[in-house]
Structures are given as structure tokens and as C-alpha cells.
Amino acid sequence: MYEYLTGFVSIVAPQYIVIDVQGVGYKLLVANPYLYQEDKEKKVQVYVYQAVREDNISLFGFRDQNEKNLFMQLINVSGIGPKSALAILANPDHQGLVDAIANNNVSYLTKFPGIGKKTASQIVLDLRDKLSKESSGSLFAANQLAVDVKINQELKDALEALAALGYKERDIKKVQKSLIKEEKMPTDEYLRQALRLLN
């Protein structure tokens, strides 16, 4: 139902924050509420997931789309609920988490509260292939692509769109090399050119 909320951080508590959106306070459960301490009384945008159960409706908040995407992957694993996923995300090294899953590092995953060997193995089984694909796409592509100073925003957006469509990282990198040499153009034109090159 909700994608994000834009408002002021009015309360920072040990388990949650409250975002004031035009006079309405939304309680958001977040991985590390104190990351928002510096934003108190400032206007922020927080991505949101709404969890509905028979006896409870909760809102979970995320600092960016990447964190929300990773959360959504985790809660699709059998045995991982929203609160367990949030506890895992409290560790700021999200790339380390993705690497641990990709490398079948069960001992890394069992360090998180409530995650035993069985659940850790299930996380690896369910997410290894998905995260290896998406780590070049919607999860962390924004950070990876931004490293290359030659890439302008329009090209970056087009490459992220390719990743979201399911193209492999190696194919996207080949296209990137070709498109960097072109004169700057709008995102949709970059995407058209990229699809032409790929097909």
C-alpha cells in the first residue's frame, strides 16, 4: 500500500521512529532507529513496508530502496519474519550479508539473533541465486555504478533498468563500455541503444 513517507522525524526510540507527515505521526519499526537521530526535526523520505496480521498492522521503515529490497527478499524465506529480517539488516554491512549468502557462509548468518543453522541454510538455499542476480541490479547497482565517474545519471539509470529487466551483469558491462563512448543522451535513448546492442 505504501511505498514511502516524506515528513519530519519527530521521535527516535529504541525500536522505532515516528515520522510526522502533515500532522499525522507514523510509527515505523526500523533496523537502527539511532541512524535517524541526526535527522530529528528534519524532513526525510523513508521507504515503507506494511505488514498485516490478524491481530496487528505494522509499518517497517528503510533508509533507501536497496535496504527495502533486501528486506523483501529476506521475509520471503521460510522462517524469517519481518522482525527477524529487521534484526539482520541492523548490521550496516549489507554487502557482507549478500556475499555471505552467495558464498554459502552459514556461520556468518547464524551470528544474527534467532537465526540457527537450519534457517541460515534456508536463507542461502532461497536467496543465493536471486541475490547474485540482483546484486548487479536493484539491490546494489546504484552504488556500484556510481563508482565509475564516466557514467552520467541518464546512463546509470538505463543500466539499472537493464538489470531490473533481468540482464546479466557481464552483458550490462559490455553495453556500458559501448555507451560510455557515445555522446550524452536521455535515459530512454540509452535504454533503446542498449537493448539494440543486446539483441
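The table that follows gives values for the structure above.
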read-out: In region 151-194, the residues that are closer than 21 Å to LEU131 by Cα and outside any helix (DSSP H, G or I); value: GLY166, TYR167, LYS168
read-out: Positions within region 1-52 being within 28 Å of ASN76 (Cβ to Cβ), open to solvent by 90 Å² or more (accessible area, probe 1.4 Å) and in a strand (DSSP E or B), in sequence order; value: TYR4, LYS27, VAL52
read-out: Region 71-101 - residue that is among the hydrophobic types (A, V, I, L, M, F, W, C), under 12 Å from ALA31 (Cα atoms) and part of a helix (DSSP H, G or I) and, of those, most open to solvent (accessible area, probe 1.4 Å); value: ALA87
read-out: Test: residue in region 53-61 that is open to solvent by 30 Å² or more (accessible area, probe 1.4 Å), part of a helix (DSSP H, G or I) and not basic (Lys, Arg); value: no
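The values are calculated or read from the model by the stated rules, or taken from the named source; none is laboratory data. Being a predicted model, the structure only gives us computed values, none of them experimental. Heads up, the Cβs are rebuilt from the backbone with ideal geometry, glycines too, and the neighbour counts pull from every protein chain shown. The protein model used for the area step is the full one, side chains on, heavy atoms only, and it has no ligands, DNA or RNA in it. Shrake-Rupley method; radii C 1.70, N 1.55, O 1.52, S 1.80 Å.
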